[in-house]
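The values are calculated or read from the model by the stated rules, or taken from the named source; none is laboratory data. Here the structure is a predicted model, which is why all the values come from computation and not from measurement. Backbone-built Cβ (ideal geometry, glycine too); neighbour counts: all protein chains shown. Surface areas here come from the heavy atoms of the whole protein model, side chains and all, with no ligands, DNA or RNA. Shrake-Rupley method; radii C 1.70, N 1.55, O 1.52, S 1.80 Å.
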Amino acid sequence: DYVVVKMIPDNRLPPRHLHSVHTGKTFVVIKWESPYDSPDQDMLYAVAVKDLVRKTDKIYKVKTRNSTVEYTIKKLEPGGKYHVIVQLGNMSKESSVKINTVPLSAPDALKIITENDHILLFWKSLALKESNFNESRGYEIHMFDSLMNITAYLGNTTENFFKVSNLKIGHNYSFTVQARCLYSGQMCGEPATLLYDELGTGEDASATKAGRSTDVAAIVVPVLFLLLVTLGIGFVVLYMRHRRLQNSFTAFANSHYSSRLGSAIFSSGDDLGDEDDEAPMITGFSDDVPMVIA
């Protein structure tokens with residue numbers, strides 16, 4: 001024996017298993033289940049979105065008969081904080097969840113260029129990869145001194161570089177660059193971090209490995225090329241001199257070649273002036289020899 005019992009739906013129950021499925025920079029996908037299984041009619045839900053940073057509220061209405069409901073909340077801000085409440089339209093018990101949207105990405109290619117009495121931080125524009133970022137928002141720069149264990153806010157800029165002065169010799173610094181924080185520092189972009197080690201010399205021994213290897217390659221490759229070119233020119237000059245000397249010697253040897261003897265004859269210089277040596281040497285005159293004057 002059995003009996004079929006049909007429960008009376010209670011519209012005062014809250015939605016079940018409310019949670020976020022996917023979170024982006026400007027949207028979030030939430031999901032929940034109806035207060036009871038297999039609704040036999042359309043159910044109207046009220047989705048309230050409270051912006052915890054701006055202190056504003058928005059309400060959306062969702063009408064469906066499905067037991068499982070999936071809904072996308074759009075037009076959110078990157079790095080925002082929200083409180084989402086879902087309940088039936090008759091203001092029954094509610095279900096809620098807190099959501100943080102994905103912040104803006106960190107700037108790319110952050111590097112340091114050392115000048116005489118200061119350094120310059122450079123990075124790529126965030127607008128190149130973030131459609132939700134406007135250059136007018138700008139960037140903010142922070143510095144951490146590991147020796148003093150303090151963090152300092154250096155300022156903000158709408159440019160893609162920033163000048164840093166008054167660095168102390170022997171101190172190690174970490175610089176961070178990120179999209180400027182909004183609403184009292186509650187909505188910030190992801191920071192790009194770079195190490196700077198003065199090593200007591202005031203020289204830049206920082207940067208990332210990629211940046212350092214790129215800079216070294218940019219210097220070493222031209223130097224090696226110049227060395228190769230110089231060595232090549234030196235070899236050519238030596239070869240030409242060798243050929244010229246060889247040709248001169250060959251011409252000189254040919255001019256002294258005796259076909260009768262089959263060899264070249266070179267004078268040692270000892271026989272120069274032999275004809276003069278055969279002539280009698282003029283000696284002084286004797287007193288008893290009369291001098292005849294014609």
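Listed by chain and number, the lysines placed with their C-alpha closer than 18 angstrom to that of residue 163 are 111, 124; residues fewer than eight positions away on the same chain are left out. Measuring nothing but protein heavy atoms, the accessible surface of the stretch 108-197 at 1.4 Å probe radius is 49 percent carbon and sulfur.
Would you please give the FRET efficiency between residue 41 and residue 134, computed as 1/(1 + (r/R0)^6) with r the Cβ-Cβ distance and R0 = 45 Å, to the nearest 0.05? Result of the calculation: an efficiency of 0.45.
Just need log10 I(q)/I(0) for the stretch 108-197 at q = 0.18, 0.24 Å⁻¹, Debye formula, equal scatterers on the alpha-carbon atoms, no solvent, rounded to two decimals. Rounded to two decimals, the profile gives -0.79, -1.29. In summary, the convex hull built on the alpha carbon positions of the stretch 16-100 has an orientation-averaged projected area of 5.1 nm². A protection proxy built from the mean count of other Cβ atoms within 10 Å ranks the segments 239-247, 49-57, most packed first, as 49-57, 239-247.
The distance linking the stretch 117-166 with the stretch 1-65 is 44 Å (Cα centroid to Cα centroid, whole angstrom).
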